[in-house]
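Visitor: My structure is below; once you've seen it, I'll send some questions.
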Amino acid sequence: MVETSEASDLCVLPLNASCRSMSVTPQAALINTLLYCITLLTVTLNLLVVISISHFRQLHTPTNLILLSLAVSDLFVGLAVMPAAVSLQSCGSFSKITCALSPLLSFTLTSASVGSMVFISVDRYVAICDPLRYSSLITLSRVKICVSLSWSCSIIYSAVILKDHFLQIDMSNSCYQECVVVINHIAGAVDLIMTFFGPLAVIVVLYTRVFVVAVSQARAMWSKSTAIQSNTVTVKKSELRAAGTLGITLVVFILCLCPYYIPSIIGQENVSSKAQLWLYFCNSTFNPLIYAFFYPWFRKSVRVIVSLQILQPGSRRAKIM
């Protein structure tokens with residue numbers, strides 16, 4: 001008992017001094033301020049996306065419903081995951097409940113985001129490659145069912161992957177007071193396939209096909225050999241623009257995701273660095289910024305929301321697109 005007490009004293013005192021010194025370091029304070037600003041920006045932008053798509057009836061389309069699901073997951077990343085990451089970086093300690101729920105929330109949101117990206121690829125594939133059957137295949141009711149199943153499966157999948165973590169929550173190390181996520185090698189390999197290689201393969205294959213068809217459509221538009229062909233291309237211009245915008249979203253998602261999984265891909269035992277982790281988190285910030293640049297309806301809906309015109313009667317029926 002005496003040895004334990006002495007070890008504890010030797011352990012905790014240097015840690016507390018280290019944490020206090022880190023908290024007053026100008027560089028650490030600047031980094032934490034920047035991260036909190038990113039967190040606030042993430043919450044604000046994604047909240048605007050959620051309000052826009054939820055409120056205006058004209059935006060209740062299958063594609064936007066998938067974007068709504070993605071925005072909800074990004075919103076929760078800004079509300080819960082990012083602040084917890086800043087707290088951990090600031091030598092914050094975690095209770096056992098927080099240590100159990102924080103990884104579960106993070107894994108669930110990651111899986112839900114990946115599912116939304118796959119749905120976006122499928123949606124654009126059908127819209128561009130099989131436009132005549134798009135309205136019959138991709139309906140609001142079917143998308144709602146798919147999104148609901150995606151979130152439900154994400155929760156179940158994350159709970160299964162983190163089973164060992166729940167059984168072995170390591171909060172006994174008073175030196176570090178950090179939440180150590182315990183995942184066995186089999187679960188880690190399955191997670192790498194299910195949340196990285198598998199979805200990435202589906203996204204690349206589908207969007208390669210979309211790109212080929214989009215190029216052929218662009219060539220047809222330039223040629224305008226017949227009036228019928230010209231009219232057909234005009235109908236599909238909006239779909240091509242949407243495919244381009246969502247393609248940018250997918251590329252940014254992949255670029256943010258790849259560095260996070262690099263240690264697992266090359267077989268390193270150590271976890272990803274803080275920079276890799278925050279790059280992945282920042283994907284939740286980039287998504288609404290992409291919408292702001294490329295979607296006129298998002299910019300218009302933001303003006304209506306900020307000017308409080310959204311509170312006027314009948315604002316749900318306003319023409320946004």
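The values are calculated or read from the model by the stated rules, or taken from the named source; none is laboratory data. As the structure is a computational prediction, the values presented were derived from the model and not from experiment. Glycine also receives a Cβ, built like all others from the backbone with ideal geometry; neighbour counts cover every protein chain displayed. With ligands, DNA and RNA removed, areas are computed over all heavy atoms of the protein, side chains included. Shrake-Rupley method; radii C 1.70, N 1.55, O 1.52, S 1.80 Å.
Visitor: Which of the numbered conditions does L246 fail, given that it passes all the others? Conditions: (1) open to solvent by less than 60 Å² (accessible area, probe 1.4 Å); (2) of a type in the set (A, V, I, L, M); (3) modelled with pLDDT of 85 or more; (4) within 26 Å of G115 (Cα to Cα).
Guide: (3)
Visitor: Tell me, please, whether a residue that is part of a helix (DSSP H, G or I), open to solvent by 50 Å² or more (accessible area, probe 1.4 Å) and at pLDDT 80 or above can be found in the stretch 64-86.
Guide: yes
Visitor: Scan the stretch 304-321 residue by residue and report those that are surrounded by 10 or more Cβ atoms within 10 Å (Cβ to Cβ), assigned to a helix (DSSP H, G or I) and hydrophobic (A, V, I, L, M, F, W, C).
Guide: Selection gives V304, I305, V306, I310.
Visitor: Please list, ordered by first then second residue, the pairs with beta carbon atoms under 8 Å, 6 or more apart or interchain, first in the stretch 277-296 and part of a helix (DSSP H, G or I), second open to solvent by 50 Å² or more (accessible area, probe 1.4 Å) and aromatic (F, W, Y).
Guide: Listed pairs, sorted by first residue: L277/Y260; L279/Y260; Y280/Y260.
Visitor: Shifting gears a bit: So, in the stretch 104-156, how many residues would count as being open to solvent by less than 50 Å² (accessible area, probe 1.4 Å) and aliphatic (A, V, I, L, M)?
Guide: 13
Residue by residue, here is whether (1) more than 23 Å from the chain's Cα centre (by Cα); (2) at pLDDT 90 or above holds:
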{"residue": "V143", "(1), (2)": "no, yes"}
{"residue": "C146", "(1), (2)": "no, yes"}
{"residue": "Q177", "(1), (2)": "yes, no"}
{"residue": "V204", "(1), (2)": "no, no"}
{"residue": "N231", "(1), (2)": "yes, no"}
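Visitor: Which residue is nearest to S136 (Cα to Cα), if the candidates are limited to the stretch 33-63 and must be free of Cβ contacts under 8 Å to residues at least 12 places away in the same chain and either buried (at least 18 other Cβ atoms within 10 Å of the Cβ) or of a type in the set (V, I, T) (or both)?
Guide: If we take residues in the stretch 33-63 being free of Cβ contacts under 8 Å to residues at least 12 places away in the same chain and either buried (at least 18 other Cβ atoms within 10 Å of the Cβ) or of a type in the set (V, I, T) (or both), then T44 is nearest to S136 (Cα to Cα).
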